[in-house]
Amino acid sequence: MGLVDSSFSGTSVGRPIAASAYAAYKSGGMQTRTEEITTPSGPMGVHVVRPDGDGPFPVIVFFHHGPGLDEGAKQTMARIAEWGYYVVSHDRYHRAEPWYTMKSRSDDEIQKMFGLVLGTTEVQVAEDLTALLAWLPSDPAARGGAMGCIGYCIGARSALSTLRDRGEQFRAGVGLHPSFCTTDDSDSPHLAVPSYTGSLYIAFGSADTMQPASANTALIEATNDLAKGEAEIHDGADHGFGVYGPNYHEAAATRSYERAKVTFDRELKG
């Protein structure tokens, strides 16, 4: 199982956030906010990047990749927010520790990251998403109504699961270098794709040997069969091509974000 997402940046997200407090800063026409909210499983961090101004802006939930919400992932959130979206990510691993990020490629660190990925279930992610959606109305900059989601690596599995379970609310989804989206399990995310009525874009890299396109043929075909679905394989791109970091691939990322913007704009700005 190709769990290690080699796109990690090797940098720390920063200090843990205190309860009932948040850090905020503005940069480059963007507002960024990190806060702690309450979930049934304890405190959970949320990170928001959105344009300056009052909004409200349509919401895109950002399911981060296996190595956590590292600096490369935060910069990627800003890239999407520049299109006029309120982009929010929640801490997938908060049950273990606040804002874990993979800090090296040592055996111990890889083993730790494997444990977090395997130890966090889609049921837990769905519980966290429910808490996030309950919190969002407290921020007037976040628009209600139809939303989108984007996921990377294991986060793409969460994005597809969200489209399956909350398709009336989440009308657009994107998955880049998806992991564990085509399996033999009865709840494999690819099985629900034919039922989607919104828009979906997914992309793999041709050089990805951890989660190769060849192992996801059923997902690719199901996506391309949708009225508003599109799946692509980018030549020369490896796992992690869509997140700023060592495996970032300019051509594949540029194309993917062009199509992601079309996907989101169709459902959320049309």
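Below, the figures for the structure above:
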quantity	calculated
From Gly155, Gly144, residue being within 30 Å of Thr32 (Cβ to Cβ), at pLDDT 95 or above, in a loop (DSSP other than H, G, I, E, B) and out of contact with any Gly (no Cβ under 6 Å at 6 or more places or on another chain)	Gly144
Every residue from segment 167-177 that is under 23 Å from Pro58 (Cβ atoms) and either in contact with a Gly (Cβ under 7 Å, 6 or more places away or on another chain) or crowded, with 16+ Cβ neighbours inside 10 Å (or both)	Gly167, Gln169, Phe170, Arg171, Ala172, Gly173, Val174, Gly175, Leu176
Pick from segment 209-236, criterion touching a residue at least 40 places away in the same chain (Cβ under 8 Å) and under 30 Å from Lys103 (Cα atoms), ranking: surrounded by the fewest Cβ atoms within 10 Å (Cβ to Cβ)	Thr209
Verdict on Leu136 being at pLDDT 95 or above and within 21 Å of Gly240 (Cα to Cα)	no
Unique residue being under 23 Å from Arg143 (Cα atoms), touching a Pro at 6+ places or on another chain (Cβ under 9 Å), not aliphatic (A, V, I, L, M) and not in a loop (DSSP other than H, G, I, E, B) when the list is Gly84, Gly45, Gly55	Gly45
Matching entry among Tyr244, Tyr201 (being surrounded by fewer than 21 Cβ atoms within 10 Å (Cβ to Cβ) and among the hydroxyl-bearing types (Ser, Thr, Tyr))	Tyr244
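The values are calculated or read from the model by the stated rules, or taken from the named source; none is laboratory data. Nothing here was measured: the structure is a model prediction, and the numbers come from that model. Neighbour counts are summed over all protein chains in view; Cβ atoms, including those assigned to glycine, are modelled from backbone coordinates with ideal geometry.
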